[in-house]
Amino acid sequence: MNLPQTLKYSAEHEWVKKEGKLARIGITDFAQSELGDIVFVELPEVGQELSAGEVFGNVESVKTVSELYAPVSGKVIEINESLEDSPEKVNESPYGDGWMIVIEMSNEADLDQLLSSEEYAKTIEQD
């Protein structure tokens, strides 16, 4: 399982890459493998304010539909529009081209509530 150590993880299987005051967010390699082939991704509008733990969209796969949860609070400043036409990028490159949104964080302390790669690995081993 691919779990880059430079990222933070939520118990809901999202990852966060801190880029200054920004947080780039997607779903983990584990999550995409559990979902199977992703056929549709619903993302929020640019400008939407999100609170940590709030649903910000959905991922639909051939198996199921899963909600996406914001791991940090802030304003959505960018969405990965390429996922509209190519949702399979989430399967092919969950930490690269398959990223979903960028949030301008309103509270960087939210990052302290997230898991390290080692902590996240332990949670998925129990699933």
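The values are calculated or read from the model by the stated rules, or taken from the named source; none is laboratory data. If you're wondering where the values come from, they're calculated on a predicted model, not measured in any experiment. Note that we place each Cβ from the backbone using ideal geometry, even for glycine, and neighbour counts take in every protein chain shown. These accessible areas exclude ligands, DNA and RNA; they are computed on the full protein's heavy atoms, side chains included. Shrake-Rupley method; radii C 1.70, N 1.55, O 1.52, S 1.80 Å.
Here are the numbers for this structure:
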quantity	calculated
Net +/- balance of residues flanking Val102 in space, Cβ distance below 9 Å, scoring K and R +1, D and E -1	-2
Correct choice for semi-axes √(5λ) of the Cα gyration tensor in Å that was computed from the model, options [x] 29, 18, 10; [y] 41, 18, 12; [z] 20, 18, 12	[z]
Cα gyration tensor, the range 55-99 - rounded (a/c under 1.5), prolate or oblate	oblate
Within the accessible area of the range 60-100 (1.4 Å probe), percent carbon and sulfur	38
The chain, accessible area per residue, ligands and nucleic acids excluded (1.4 Å, Å²)	52
Those lysines that a straight Cα-Cα span of less than 26 Å connects to Lys75, excepting residues fewer than 8 apart in one chain	Lys8, Lys17, Lys18, Lys21, Lys89
Modelled label reach - Glu92, point 7 Å along Cα→Cβ, the range 9-46 residues with backbone N closer than 13 Å	38
